[in-house]
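All remarks here apply to the structure that follows.
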Amino acid sequence: MKTLRLLLVLLVILSCAKKKTETKGGNELRGEKIRKPAVSGQWYPASKERLRSMVEKFLDDAQVKLEVKGELVGLIAPHAGFVYSGWVAGYAYKYIQMHKEDFKGRTFILVGPSHYVDFNGIALYPDGGFETPLGIVPVDTELANLITKEISFVQKYEKPHIPEHSLEAQIPFLQVALDNEFKIVPLLFGRATLDDAMLVGEKLAKLVKENRAVIVASTDMSHYHPYNVAVRMDSATAQATKKLDINELVDGLEEGRMELCGYFAVLTLMRASTVLGAKEGIVLKYANSGDVPYGEKSRVVGYYSVIFLTEEDVESRGKGEKEFELTLEQKKYLLQLARNTIEEYVRHKRRVEVKPPDDPVLRADGAVFVTLHKKGALRGCIGQMIPQGPLYKSVIDMAISSATRDYRFSPVKPEELDEIDIEISVLSPLKQIKNWKEIKLGEHGVYIRKGYNTGVFLPQVGRMPGFTLESFLEELCVQKAGLPPDCYKDPATEIYVFTVLEFDESILKK
């Protein structure tokens, strides 16, 4: 799953990359490191007066009327040339301007894709400030340091930021909306995985709440399709985003029905919003480059502005602090759903159409693994470490992945279906531990991370004959994470444990 989704995201990111330009930046000013504008005079006017006038008009023209109240977790805004996407971005930042007294002095965590520099993990511009023709915006060094402490694969790495436009394009809107009274934390995604984005979303949710920060996800939508095709694709993307349905969005991206160059940024914000209690996103505006006089309708790029609000006085719902408890009937429902999903997809290449169950437990967010066996031998196993959506939808998604996308096996063939046995494991929330000796072999699943290397074993692996705790962890380090066998003893290695609720098709006979 990680390899597949990594390749997907790299293709999506590359689809919106422009020709690499040589741009100097990172200059010193008054003893501070100031990142000079990279696309001033290209993406937007280099003149202070013309830029301010343009952004003010975008904000003035945006009609945002909301009765909904709540705390803003974050927003999605586009990052193309302002003549194409600026009027759409104006809708998201109009909301900020409408509540400017509340947002002045706060920190905005800018998250976007790296279009020009290839690297692993997330690059943080750690201090100093970002300059535009409208002035210099300081980096919130204190919050930046907290983020690097909380998320090990965020690195202080300035190089990707120097030529990058995805974050720079957001800053003039904030400068005009808030009279330059705010700070930023700039983050760029390089090579990463879906699990990385989910983990970042959970970690940022905690920091957002504690620091009253706001996440800004920078992305454009579909790229270079005819107008009607783009509208159809982008409508599906907007609906998945609005519903906070990560599974649906990932499926659409994998299958080519949706496109987002800032895929990781959007998923990070969606996960943080769910953790903090948001029920849905509010799509303020959608348009594409064919809607402006400069655009060609035969080859357009899509844009949307979305905001995510929590309910008032919500105490961090969606964290999944409790382990799942399922009745026999609920287990049977999920197993039958997995069986129907695999048979429909393997035989007809179609996803099953399922009405959301009435049962709130099955609609709650849940992380699952689906494991397939054939005559007792492993035939496929793919899962999620962190919830990406409702439990029943996660079972559908992971059932398809385990049957057709496990790189260790060829896709399941129709003639094999009668020989396949299905097992489902529903995961508890990840819990980070400080000492590997806290792990209970056979009871705990283990997820390790060091830098960009990760690996996971379900608890079932620890129950296999011959394992000691040390040999279990050595195998995890080498086989799954590609690390030295004693990596679990390294203080730089993060260790997470979890438990699973496991059940298989043998219970269908009960």
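Of the residues LYS242, LYS297, LYS331, ranked by 1.4 Å probe accessible area with the largest first, the sequence reads LYS297, LYS242, LYS331.
Amide hydrogen proximity for ARG106: with H placed 1.01 Å from N in the peptide plane, the residues at 5 or more positions away or on another chain lying under 5 Å are LYS183. Using the heavy atoms of the protein chains and a 1.4 angstrom probe, tell me the accessible area per residue for the chain in square angstrom. Averaged over the residues of the chain, the accessible area is 42 Å². Modelled spin-label separation between GLU415 and ALA236, with each label point placed 7 Å from Cα along the Cα-to-Cβ direction: 3.2 nm. Karplus-derived 3J(HN,Hα) values for region 193-206, using 6.51 cos²θ - 1.76 cosθ + 1.60 with θ = phi - 60°, are 10, 4, 4, 4, 4, 5, 5, 4, x, 5, 5, 5, 4, 5 Hz; glycine and proline are entered as x.
With Kirkwood's inverse mean 1/r over C-alpha pairs for Rh, give me the Rg to Rh ratio of region 418-510, two decimals please. All intermediate terms of the calculation are to be shown ahead of the outcome.
On the way: Rg = 14.5 Å, Rh = 14.0 Å.
Using Cα coordinates only, the ratio equals 1.03.
Ranked by the mean number of other Cβ atoms within 10 Å per residue, highest first, peptides 452-459, 388-395 order as 388-395, 452-459.
For the pair ASN145 and ILE433, a Förster radius of 30 Å applied to the C-beta separation gives a FRET efficiency near 0.80, rounded to the nearest 0.05.
Rg and Dmax of region 347-496, both derived from C-alpha coordinates alone, stand at 16.9, 49 Å. Surface composition of region 106-191: carbon and sulfur atoms hold 43% of the protein heavy-atom accessible area at a 1.4 Å probe.
For region 318-393, the square roots of the Cα gyration tensor eigenvalues, ordered a ≥ b ≥ c, give a/c of at least 1.5 with a/b greater than b/c, which places it in the prolate category. Taken one residue at a time, the phi angles of region 445-457 give Karplus couplings (6.51, -1.76, 1.60, θ = phi - 60°) of x, 10, 10, 10, 8, 9, x, 9, 9, 9, x, 9, 10 Hz. Gly and Pro are set to x.
Full extension of the chain between LYS355 and ASP61 gives 101.8 nm of extra length, using 0.36 nm per residue less the Cα-Cα distance. The HN-Hα couplings worked out from phi for region 209-217 by the Karplus form 6.51 cos²θ - 1.76 cosθ + 1.60 (θ = phi - 60°) are 5, 6, 10, 6, 8, 10, 8, 10, 9 Hz, whole numbers, x standing for Gly and Pro.
Compute the helix-to-body angle for 141-150: its Cα long axis versus the longest principal axis of the chain, expressed 0 to 90° and rounded to tens. For helix 141-150, the angle is close to 10 degrees.
The order of TRP436, TRP87 by accessible area, most exposed first and with a 1.4 Å probe, is TRP87, TRP436. Placing unit charges on each Cβ (+1 for Lys and Arg, -1 for Asp and Glu) gives the chain a dipole about its Cα centre, and among ILE424, PRO390, ASN288 the Cα reaching farthest toward its positive end belongs to ASN288.
Given Cα pairs under 8 Å that are at least 6 residues apart, what percent is the relative contact order of the chain?
It comes to 15 percent, rounded to a whole number.
In this structure, ARG408 and LYS297 have a Cβ-Cβ separation that, at R0 = 51 Å, corresponds to a calculated FRET efficiency of about 0.70. Taking amide hydrogens as placed 1.01 Å from N in the peptide plane, the amide H of ARG191 sits under 5 Å from those of PHE119, ASN120, GLY121, each at least 5 positions away in sequence or on another chain.
Nearest 500 deg cm²/dmol is fine: what mean residue ellipticity at 222 nm does the chain get from its DSSP H runs of n ≥ 4 alone, each adding -39,500 (n - 2.57), divided by its residue count? Can you show the working numbers first?
Values: 15 runs with 172 residues, N = 510.
Mean residue ellipticity, 222 nm, calculated: -10500 deg cm²/dmol.
Peptides 405-417, 201-213, 338-350 ranked from most to least packed by the mean count of surrounding Cβ atoms within 10 Å: 201-213, 338-350, 405-417.
Only four residue types carry charge here, +1 at the Cβ of Lys and Arg and -1 at the Cβ of Asp and Glu. Report the dipole size of the chain about the Cα centre in Debye, rounded to the nearest 20.
Its charge dipole is roughly 740 debye.
What the Cα convex hull of the chain gives, in volume per residue, is 153 Å³. Note on LYS375 and LYS332: with the Förster distance fixed at 25 Å, the Cβ-Cβ geometry gives a FRET efficiency of about 0.60.
If a/c stays under 1.5 just call it rounded; otherwise compare a/b with b/c (prolate if a/b is bigger, oblate if not). Do that for region 246-317, with a ≥ b ≥ c from the square roots of the Cα gyration tensor eigenvalues. Verdict is oblate for region 246-317.
The share of accessible area on region 355-484 that comes from carbon and sulfur is 53 percent, using a 1.4 angstrom probe. Helix 227-242 and the longest principal axis of the Cα set of the chain meet at an angle near 70°.
The values are calculated or read from the model by the stated rules, or taken from the named source; none is laboratory data. Since the structure is predicted, the reported quantities are computational estimates derived from the model, not experimental observations. For neighbour counting, all protein chains shown are included, and Cβ atoms are generated from backbone atoms with ideal geometry for every residue, glycine included. Only protein heavy atoms, including side chains, enter the accessible area calculation; ligands, DNA and RNA are left aside. Shrake-Rupley method; radii C 1.70, N 1.55, O 1.52, S 1.80 Å.
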